[in-house]
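One structure below.
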């Protein structure tokens, strides 16, 4: 029952009207020519692939799942063929480095490809997403020779990649890992240990699987400073770089999960497996973090993609389903439930959040594009700090939103949402993991308030605050927005960003002597940043309505209502979040362990 | 990995210290003697049954599910034996009328039996819960002869019951149902139609299944006023009342659901099935509502029970799992994650909400007990109005809390929460349905603001408001509570109930001319009532700490922290809810159907 309609029109409005992407790419001297027509063609083609190839196998993939026999994982029927089509069409190389066969498209478009992939088939997308992460790590940290050997086939998708971090006793705290690496020959190490929760650890989609494994060398200092990163391929390469003998890395089990069932999640055992050191010894955690930041944005977008699919299904159902009279109904019989206020509430919540998240993902993609090409170190630092500050917000706020949106989408369908038929319950199950992996959302919140706020004494935040202030200025002085709307929203936004600012200064001061404060209020603080950021995006959308090419007057009216709804019903949460943060840690930390 | 430990100590504190139940039952002349010892014995025995018989088959039931072959539904292995033990031990007759073989225990204890059943095995509990609903309907609306024939074996559990309301095109709007009833002989009707989402519609646990079916007689007025209720048994009875021939009611399919997989959810087809009119013609909707109100409380408790199980598992895991240093840690290695503030936040949220919900379920049970025995019509009306006002709050607020709590419980376990192993993901899936069935939580919110608030012009609310004011008075004047805590909480509670009161008066005034207002703010309004109610419960707990028998000083300290946490971090939501309500309907109702 559930089909995927790529939201091309909304994407085009955002890319072309709100962000004027071709102009922007031109300004930053982006090497690949990306004009309006090309962007539209990409959107159309990506949308077609997702809706025609990936969406149709999504439910079946959930029902059949992956299976493990004789160390081999079989993906659901049709996934192998879809993967082949995916790489044949060049999607796996979309934003990768042309030097290694990539197409070199900007990050600000990659985020939209990610969104569409996640909307149509999030399990499928994960194989690709992890490969992308491995490519990112190798491109930034491996030697030129290693890059030449491994990158082209990872980028083409002939091979896939994984990230092997977690062990059964070491998740968040990677300093505890026990996997070892012993030098056995020039540049060759023997890897021993067991990793869990390895996405795409074993499967039948690609010819080889390139594991990036965190392990400790014999002379490693204790904790996270003693972690190194190794390439451990499923098949070793012969001297010509062709597939050779099977390496001693095997899948011991696959996990039975709540969702993303077509994605194989493996226990991987390394028994004297051959591995090759990436970059320098003991730098693994740093390399992993640079990859993780990339992955965090992509996993955030999983939330946005699933929310979009859930929204589409909910709207379809709500237009069809006739129950009871709505207020001011003039019909004789019952009305479609989309006319009922409480249903509208859920749909408006979904749509106003989804579009804001989508805009912000492109916006952050643009900052990454800027940074990648910046010649001026201070401009580069500016973008990097902004991206560093907002990456945990994107990961957690998008995925929290995504899960809540999918639950709204299920609720709109009532009992029909709880059964398989319309696909809504699968979306809820698939969305739930995104709040957990790549660092739980609690960890994102700690990262934001600890490393990204307090550690640099508010330096990164300052750049975000300046952007928020500029957004406010833009709204406040925009005479194309109806005056009553503009004044009201301007004052709402001012209240919210002032509250955020006051909270930041309070935290910088108070957390010096209150060791448990930051951890206690981290989650509230992240959400406060998230809603201000999203509201800022709505301002950009409003300011782009005049003379927009991809938004007619009726759509412009929708945009104004959606923005107003976001301010009235979501941004308003700043009152709660601020009050809750100011209540601090005292009631939270009172109970001792044995009192639970 | 997940075991169930009945929270006997907390239950005893609430029953014996907070509510002094034996004294209360004595005061209202409850016919069954229920002293302190008996209550403790009941808690122990019910807890033992749930933890030793039902909890061990819960996960297996989820994995195996129900299956349909040749019109017969088979429940998972072990369910038949557990059901037999359940009815042999007399639990099915716990609060039923002694006139028909029930044990006549009070509703204020039934709610705790319900909680423990749902904690340990919510799928199993549903077979019983629906039977209870059928018993309730027949006891209140069927003729004496019908009661004598059907009730004893429903109450003993030899037979089970269902409620057949929903049709594929008629869920919330029962006026649309198409199932027909044609008189064919004295007191016998021929029932034709198809019902969906019928819990326990077909299974192998009981000897007979007694369906209560909503259908329309040939002369029925249109809409809900034309609905009548019929008994349609799976097996007809012979003249001696023994099982006779098979009736023409059959299970056409079972649903594939997100959770509660051991509960059979059936499509039921009635093809000239024989049925018997319950009570009077065209009164079916009234009868169904009286049963539904009973069921709504019970389904609300599903949320509480599942939250409790999730909390227990989360605490077990959080005490075991070592990751990273906590603030002010003095240990050499990593700390158990229970010492980390963001984990404490989730556990405190769960526990402070669960206990408040548990207290309020007993409190509402006591009001039902009072009403059942009240001689004075005005005292009875008082209790009935309070119960009527708070039943939708209980259903929706408990189940929203339950789902959120189970998600917190999963989050505490990180990736280990998303896989089957610890059972957390099943709880999330099982809890989700409770927000949907027995009237979605949106429908509960509409019921509260429409029928229970506006329709009687605030008359029912007034009784609740008086109770809130009395709770405030109790807190304010209690000198056993540490002064700083008392003053702070007293002012927080006053703010919240004043906000609620202002919102109520604003709604009574504004909604007269604003037809979409009530529906637009209904969900926020319900939550505002819910948090004030729960906060009131925490006041009762605080006031009972001095001289409590079932709460030592260390536990009393926990209670104070939990109460403070609830006020600081949950009750504080009243700022948000009030502000959101006052923003009204304008941004919500703007979009036309074709703009979605």
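Residue by residue, here is whether (1) more than 18 Å from residue A:419 (Cα to Cα); (2) touching a strand residue (DSSP E or B) at 6+ places or on another chain (Cβ under 7 Å); (3) not in a helix (DSSP H, G or I) holds:
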{"residue": "B:400", "(1), (2), (3)": "yes, no, no"}
{"residue": "B:417", "(1), (2), (3)": "yes, no, no"}
{"residue": "B:427", "(1), (2), (3)": "no, no, no"}
{"residue": "B:432", "(1), (2), (3)": "no, no, no"}
{"residue": "B:438", "(1), (2), (3)": "no, no, yes"}
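Which of the residues belonging to the range B:326-355 are within 9 Å of another protein chain (Cβ to nearest Cβ), surrounded by fewer than 20 Cβ atoms within 10 Å (Cβ to Cβ) and farther than 19 Å from residue B:568 by Cβ?
Those that are within 9 Å of another protein chain (Cβ to nearest Cβ), surrounded by fewer than 20 Cβ atoms within 10 Å (Cβ to Cβ) and farther than 19 Å from residue B:568 by Cβ: B:328, B:333, B:336.
Return the residues of the range A:1-32 that are in a helix (DSSP H, G or I) and within 16 Å of residue A:117 (Cα to Cα); say none if nothing qualifies.
Correct list: A:8, A:11.
Considering the range B:238-269 alone, what residues qualify as being more than 28 Å from residue B:118 (Cα to Cα) and in contact with a helix residue (DSSP H, G or I) (Cβ under 7 Å, 6 or more places away or on another chain)?
Matches in the range B:238-269: B:241 only.
Find the residue count for the range A:220-250, including only residues that are in a loop (DSSP other than H, G, I, E, B), in contact (Cβ under 8 Å) with a residue 24 or more places away in the chain and farther than 18 Å from residue A:289 by Cβ.
Qualifying residue count for the region: 5.
May I ask you to say which residue of B:242, B:250 is out of contact with any strand residue (DSSP E or B) (no Cβ under 9 Å at 6 or more places or on another chain) and modelled with pLDDT of 95 or more?
Step by step, each of B:242, B:250 is checked, and only B:242 is out of contact with any strand residue (DSSP E or B) (no Cβ under 9 Å at 6 or more places or on another chain) and modelled with pLDDT of 95 or more.
Mind checking whether some residue in the range B:216-224 is outside the structural domain of residue B:77 (by TED's automatic domain parsing), within 16 Å of residue B:271 (Cα to Cα) and surrounded by 24 or more Cβ atoms within 10 Å (Cβ to Cβ)?
No, there is no match, as no residue in the range B:216-224 is outside the structural domain of residue B:77 (by TED's automatic domain parsing), within 16 Å of residue B:271 (Cα to Cα) and surrounded by 24 or more Cβ atoms within 10 Å (Cβ to Cβ).
Hey, among B:388, B:379, which residue is more than 14 Å from chain A (Cβ to nearest Cβ), assigned to a helix (DSSP H, G or I) and free of Cβ contacts under 8 Å to residues at least 60 places away in the same chain?
It is B:379.
Looking at residue A:480, is it more than 9 Å from every other protein chain (Cβ to nearest Cβ), assigned to a loop (DSSP other than H, G, I, E, B) and either over 23 Å from residue B:582 (Cβ atoms) or touching a residue at least 60 places away in the same chain (Cβ under 8 Å) (or both)?
yes
It is to be established whether one or more residues within the range B:496-513 are out of contact with any helix residue (DSSP H, G or I) (no Cβ under 8 Å at 6 or more places or on another chain), in a loop (DSSP other than H, G, I, E, B) and more than 10 Å from every other protein chain (Cβ to nearest Cβ).
Checked against the condition, which is being out of contact with any helix residue (DSSP H, G or I) (no Cβ under 8 Å at 6 or more places or on another chain), in a loop (DSSP other than H, G, I, E, B) and more than 10 Å from every other protein chain (Cβ to nearest Cβ), the range B:496-513 yields at least one hit.
Could you pull out the residue among A:330, A:267, A:315 that is under 18 Å from residue A:428 (Cβ atoms) and either more than 17 Å from the chain's Cα centre (by Cα) or not assigned by TED's automatic domain parsing to the domain that holds residue A:563 (or both)?
Going through A:330, A:267, A:315 in turn, just one is under 18 Å from residue A:428 (Cβ atoms) and either more than 17 Å from the chain's Cα centre (by Cα) or not assigned by TED's automatic domain parsing to the domain that holds residue A:563 (or both): A:315.
For residue A:536, which of the numbered conditions (1) in contact with a helix residue (DSSP H, G or I) (Cβ under 6 Å, 6 or more places away or on another chain); (2) at pLDDT 95 or above; (3) within 30 Å of residue B:352 (Cα to Cα) fails to hold?
Status for residue A:536: all satisfied but (3).
Being within 23 Å of residue A:263 (Cβ to Cβ) and away from chain B (no Cβ under 14 Å) is the filter; apply it to the range A:189-198 and report the residue that is surrounded by the fewest Cβ atoms within 10 Å (Cβ to Cβ).
A:194
What are the residues in the range B:204-216 that are outside any strand (DSSP E or B) and closer than 30 Å to residue A:420 by Cα, if any?
B:204, B:205, B:206
How many residues does the range A:539-596 contain that are part of a loop (DSSP other than H, G, I, E, B), more than 9 Å from chain B (Cβ to nearest Cβ) and on the phi < 0 side of the Ramachandran plot?
Looking only at that region, the number is 8.
Only one of (1) touching a residue at least 24 places away in the same chain (Cβ under 8 Å); (2) over 26 Å from residue A:295 (Cα atoms); (3) out of contact with any strand residue (DSSP E or B) (no Cβ under 8 Å at 6 or more places or on another chain) is not met by residue A:364, so which one is it?
(2)
Looking at A:365, A:415, can you tell me which residue is at pLDDT 95 or above, within 14 Å of chain B (Cβ to nearest Cβ) and under 29 Å from residue A:562 (Cα atoms)?
That would be A:415, the only listed residue that is at pLDDT 95 or above, within 14 Å of chain B (Cβ to nearest Cβ) and under 29 Å from residue A:562 (Cα atoms).
Please list, ordered by first then second residue, the pairs with beta carbon atoms under 7 Å, 6 or more apart or interchain, first in the range B:24-43 and in the same structural domain as residue B:12 (by TED's automatic domain parsing), second modelled with pLDDT under 95.
Close Cβ pairs (under 7 Å, with a partner that is modelled with pLDDT under 95) amount to B:25/B:34.
Taking the stated definitions as given, is residue B:303 outside the structural domain of residue B:236 (by TED's automatic domain parsing), within 20 Å of the chain's Cα centre (by Cα) and closer than 30 Å to residue A:439 by Cβ?
Here the answer is yes, as residue B:303 does meet what is asked.
Please determine whether any residue of the range B:199-215 is in contact with a strand residue (DSSP E or B) (Cβ under 8 Å, 6 or more places away or on another chain), within 13 Å of residue B:268 (Cβ to Cβ) and within 14 Å of chain A (Cβ to nearest Cβ).
So far as the range B:199-215 goes, yes, one or more of its residues are in contact with a strand residue (DSSP E or B) (Cβ under 8 Å, 6 or more places away or on another chain), within 13 Å of residue B:268 (Cβ to Cβ) and within 14 Å of chain A (Cβ to nearest Cβ).
Can we say residue A:112 is crowded, with 24+ Cβ neighbours inside 10 Å, modelled with pLDDT of 95 or more and part of a helix (DSSP H, G or I)?
It is true that residue A:112 is crowded, with 24+ Cβ neighbours inside 10 Å, modelled with pLDDT of 95 or more and part of a helix (DSSP H, G or I).
Here is a check on your reading of the model: is residue B:318 surrounded by fewer than 20 Cβ atoms within 10 Å (Cβ to Cβ) and either away from chain A (no Cβ under 14 Å) or at pLDDT 95 or above (or both)?
No; evaluated as a whole, the condition is false for this residue.
Residue A:449: free of Cβ contacts under 8 Å to residues at least 40 places away in the same chain, within 12 Å of another protein chain (Cβ to nearest Cβ), touching a helix residue (DSSP H, G or I) at 6+ places or on another chain (Cβ under 6 Å) and buried (at least 23 other Cβ atoms within 10 Å of the Cβ), yes or no?
So residue A:449 does not fit the description; no.
Condition check ((1) under 26 Å from residue A:103 (Cα atoms); (2) in a helix (DSSP H, G or I)) across all residues:
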residue	(1), (2)
A:136	yes, yes
A:148	yes, yes
A:154	yes, yes
A:162	yes, no
A:202	no, no
A:218	no, no
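Inside the range A:578-596, can you point out the residues that are within 17 Å of residue A:507 (Cβ to Cβ), surrounded by 19 or more Cβ atoms within 10 Å (Cβ to Cβ) and without any contact (Cβ under 8 Å) to a residue 60 or more places away in the chain?
A:580, A:583
The values are calculated or read from the model by the stated rules, or taken from the named source; none is laboratory data. Every value quoted in this text rests on a predicted model; they were computed, and no experiment measured them. Counting neighbours? That spans all protein chains shown, and the Cβs are built from the backbone with ideal geometry, glycine included.
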